[in-house]
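To start, the structure under review is shown below, and the notes come after it.
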Amino acid sequence: MADEQVDTIWLTQEAFDAASAELEHLKGPGRAAVTAKIARARDEGDLSENAGYHAAREEQGQQELRIRQLEAMLRHAQVGEGPVGDTDQVSPGCKVTIAYDGDPDDTDTFLLGSRELMALDDSNDIEVFSPQSPLGAAIVGRKVGETVSYSAPNGKPIEVTILEVAPYRA
């Protein structure tokens with residue numbers, strides 16, 4: 001059950017629909033366009049010195065990578081809305097403010113959720129941590145005023161206190 005939660009990617013319906021539409025385009029018209037570019041470049045002759053061919057193949061590789069990323073994300077997606085109204089408990093879709101090592105002058109505010117949520121609006125510059133990240137996993141389900149510890153990627157323990165939790169509004 002814990003692994004199921006860790007693999008979950010929280011998305012709004014809008015983000016899920018946008019990712020689904022992008023995947024459909026990439027697998028259909030997107031693939032056809034790149035295949036046509038490769039064919040045109042191949043017809044130009046010697047492939048070893050054909051920059052257009054190599055660029056088209058690179059584009060194809062990037063597109064196939066994005067397709068795999070979208071498929072994995074949608075396969076693990078949990079669609080819903082973030083918290084509505086006042087809350088003091090950290091959950092996906094919340095904007096969270098924390099203090100490092102109990103220092104009220106060393107704070108960070110971020111969205112707990114998926115970066116895909118932010119892809120819909122380029123004007124947002126809030127940092128995003130997934131619930132699967134070390135910090136996200138440590139604070140999810142915790143309440144304002146609680147202090148938790150987690151291990152940074154380098155193994156160093158980091159202690160944070162949850163100062164504020166609010167529903168995220170783009």
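Numbers below:
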read-out	value
Net +/- balance of residues flanking residue 53 in space, Cβ distance below 13 Å, scoring K and R +1, D and E -1	-2
Nearest-20 debye value, segment 33-82 charge dipole, Cβ charges on Lys, Arg, Asp, Glu	180 debye
Karplus 3J(HN,Hα) series, Hz, for segment 93-106 with 6.51 cos²θ - 1.76 cosθ + 1.60 (x for Gly, Pro)	x, 8, 8, 10, 10, 10, 10, 7, 6, x, 8, x, 8, 10
Approximate shape of segment 21-114 as ellipsoid semi-axes (Cα gyration tensor, √5λ), whole Å, largest first	46, 18, 8
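A short reminder: the numbers here are calculations on the coordinates, not readings from a lab. Owing to the predicted nature of the structure, the values given are computational and were not obtained by experimental measurement. For neighbour counting, all protein chains shown are included, and Cβ atoms are generated from backbone atoms with ideal geometry for every residue, glycine included.
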